[in-house]
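First the structure, in the form of structure tokens, and then the observations on it.
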Amino acid sequence: MTTQEQIKQLREELHRHNYLYYIEDKPEISDYDFDMKLKELQHLEEKNPEFEDPNSPTRRVGGAITKNFNTVVHDYRMYSLSNSYSKEELEDWENRIEKSVGGKLQYVCELKYDGASISLTYKNGKLQRAVTRGDGFQGDDVTNNIKTIRSVPLKLKGDFPEKFDIRGEIVLPYEGFAKMNAERVEAGEEPYANPRNTASGSLKLQDSAEVAKRPLECLLYSLVADNLPVKSQFEGLEKAREWGFKVPPEAELKNSIAEVLDYVNYWDQHRHDLPYETDGVVIKVNSFDQQDELGYTAKSPRWAIAYKFKAEQESTKLNKITYQVGRTGAITPVANLDPVQLAGTTVKRASLHNADQIEKLDVREGDTVFVEKGGEIIPKIVGVDFTQRDPETLETKYAETCPECDSELIRKEGEAQHYCPNYNGCPPQIIGRIQHFISRKAMDIEGLGGETVALLVNANLITNYADLYTLKKEDVLPLERMAEKSAENLVSGIEKSKEIPFERVLFALGIRYVGETVAKKLAKHYKNIDALASASTEDLTAVDEIGERIAQSVTDFFTSEENRELIQRLKDYGLQFEIIAEELENQSTILDGNTFVISGVFEKVSRNELKKMIEDNGGKVSGSISGKTDYLVAGENMGPSKLAKAEKVGTKIISENEFLQMLS
Ligand SMILES: [Zn+2]
């Protein structure tokens, strides 16, 4: 097979597996195998740039930067739909159009997804262009970003027309949205407000690699071309599905508005079971001939109408405004409400976001307020029912001191949030920081949970994360519900965390705005904590993707004498504060299938490094010698019994130098 054929075959395979995974939800190969194939293709494409293809599956990982999005005129105008809010309005619409066409009509009902509208152009089965809705006449060319969305086919299959547009919506499923927000909160950033705005904001990001990281999906529902091979909307949906598009399965064909209303009522009840946000139903006349006959008004088609669900809103009494302190010291005002049923759950608390929001809404304790639940996880207050206001109520005065430690709150210029500045003395900040430190993506300390951290802090056993490394079994045993075994696990879990690599230790430190990704970037760039600690803000902003805000936060962190002391202590306990060798470059499969036992003390590398080197190169490390042990790496002061055992079972005994030679 020639290289060109090999590239072609890999591309086709990857397009197919992508389709099976993202559209059909029936993957045939593992994620790992998919990644391997993708890497192979990437490698071949890099070596053979003459076979470049803008629709290669490798383009999905992004990387293209768009400084200015070109304005593009739509070949076919993107109309907006007229809205209806009641059964009567829908019946009026049916009467109107039936009179105009002179007969009975069939309708297609589709759910109205809340996202960002998009128009995709395909030519000869390949994605040519992706344009935002804009003002309906012209939008922005966001092709590079759209290519990173896995459910957008780059290449079609079947009997597609030579050239056509297909329209739909870019949406962010609840689950992905919640995950993105959890990561932001963990990094001390403000969460995004709702999935729709986040989806539409994503389309205009300059770096397509950032878009690729977001779990966006593309749902399509409308074919547009001069000579479509179908005669109706419903057939169009089926065809689009055949060609490889993700067409929502909820679309249904209906024979009357009475049937349409059943559909509307059903989904008004069940929309919360869907993975995406929906705000209504779109009803379209099915036949294209009848659509043509009905035509358009100045703004919208006469043959389609949107039915909007009522917003999930309830009114209830606000009893009290309290304030929560986060691990970064950020204060969130919380409305404590009379319990109310909303979107299938009982709501007792709602977020008031910040002081500006309280002022804007003029919310007061004792008010009757409107609570809404959109895509947000936490419900929010959207307004006050002023007709119910008791004239005696007083304007809300925002908290001036921390509810937990009484420190005076501060608010930096240009920031919406108030902060408690008592970094080292405010209990929720101390507990929150340690909880973050031990969390799964950070130090991943087995045997220690968030509640135990609170117990340890409250019992004065620890006041910061460095104190964890001084804990002994006897210290923790007296704690509530702490058995012998769990105390042992806790202490050994803490000990084991000393092997966690630098980038995760850096993330664990809980520097504001330094999330997982930023920590990785900084670790890779600076290689060790001392280099990072002495970097200036200017120096930091020169690092790829590190902005002013992160840079300032990092230098602030290392300026603090207390933080420097903490890090020195952690260093003394043996935590990893530098990148071990050149992590990735030193990986291979040389030691595949070989089991090693390490014993004694070594001159050039530590035992942990040795262990990592073995594992990075495909070998296994075992604790004791058996017939399955291939090598014993023997250092100074090795126990004589191990040596004897190795000799007895025939394990090869090698020195540190001999081992290092095996790798080179
Ligand atoms: Zn405080």
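Okay, residues lined up against (1) part of a loop (DSSP other than H, G, I, E, B); (2) surrounded by 12 or more Cβ atoms within 10 Å (Cβ to Cβ):
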| position | (1), (2) |
| --- | --- |
| Met1 | yes, no |
| Gln6 | no, yes |
| Glu28 | yes, no |
| Tyr32 | no, no |
| Lys39 | no, no |
| Thr58 | no, yes |
| Gly63 | yes, yes |
| Val72 | no, yes |
| Arg77 | yes, yes |
State yes or no: is Thr316 in a loop (DSSP other than H, G, I, E, B) and surrounded by 19 or more Cβ atoms within 10 Å (Cβ to Cβ)?
no
Residues that are in the same structural domain as Gly115 (by the TED database), part of a strand (DSSP E or B) and of a type outside the set (A, V, I, L, M, F, W, C): does segment 291-300 have at least one?
yes
Which residue is nearest to the ligand (Cβ to nearest atom), if the candidates are limited to segment 422-452 and must be part of a loop (DSSP other than H, G, I, E, B) and over 25 Å from the mean Cα position of the chain (by Cα)?
Cys426
For segment 134-143, give me the residue count where each residue is surrounded by 21 or more Cβ atoms within 10 Å (Cβ to Cβ) and in contact (Cβ under 8 Å) with a residue 40 or more places away in the chain.
2
Subset tally (residues that are of a type outside the set (Ser, Thr, Tyr), touching a Gly at 6+ places or on another chain (Cβ under 9 Å) and either assigned by the TED database to the domain that holds Asn458 or farther than 17 Å from Leu570 by Cα (or both)) for segment 500-520
3
Consider Lys620 carefully, then state whether it is more than 17 Å from Glu499 (Cβ to Cβ), at pLDDT 80 or above and either under 43 Å from the mean Cα position of the chain (by Cα) or basic (Lys, Arg) (or both).
no
A careful count of residues in segment 480-495 that are assigned to a helix (DSSP H, G or I) and closer than 13 Å to Leu461 by Cβ gives 4
Conditions first: (1) assigned by the TED database to the domain that holds His418; (2) assigned to a helix (DSSP H, G or I). Arg327 passes all but one, so which condition is the exception?
(2)
Restricting to segment 386-404, count the residues that are open to solvent by less than 30 Å² (accessible area, probe 1.4 Å) and either modelled with pLDDT of 90 or more or within 16 Å of the ligand (Cβ to nearest atom) (or both).
2
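If I ask for residues that are open to solvent by less than 70 Å² (accessible area, probe 1.4 Å) and either within 9 Å of the ligand (Cβ to nearest atom) or under 30 Å from Thr368 (Cβ atoms) (or both), which ones from segment 405-418 would you list?
First pass over segment 405-418, keeping only residues open to solvent by less than 70 Å² (accessible area, probe 1.4 Å): 405, 407, 409, 415-418.
The answer is Cys405, Ser407, Leu409, Ala416, Gln417, His418.
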Restricting attention to segment 236-262, which residues are open to solvent by 40 Å² or more (accessible area, probe 1.4 Å) and assigned to a helix (DSSP H, G or I)?
Glu238, Lys239, Arg241, Glu242, Ala258, Glu259, Asp262
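The values are calculated or read from the model by the stated rules, or taken from the named source; none is laboratory data. Keep in mind that this is a model prediction, so the values were computed, not measured. Glycine also receives a Cβ, built like all others from the backbone with ideal geometry; neighbour counts cover every protein chain displayed. Side chains are part of the model used for accessible areas, which takes the heavy atoms of the whole protein and leaves out ligands, DNA and RNA. Shrake-Rupley method; radii C 1.70, N 1.55, O 1.52, S 1.80 Å.
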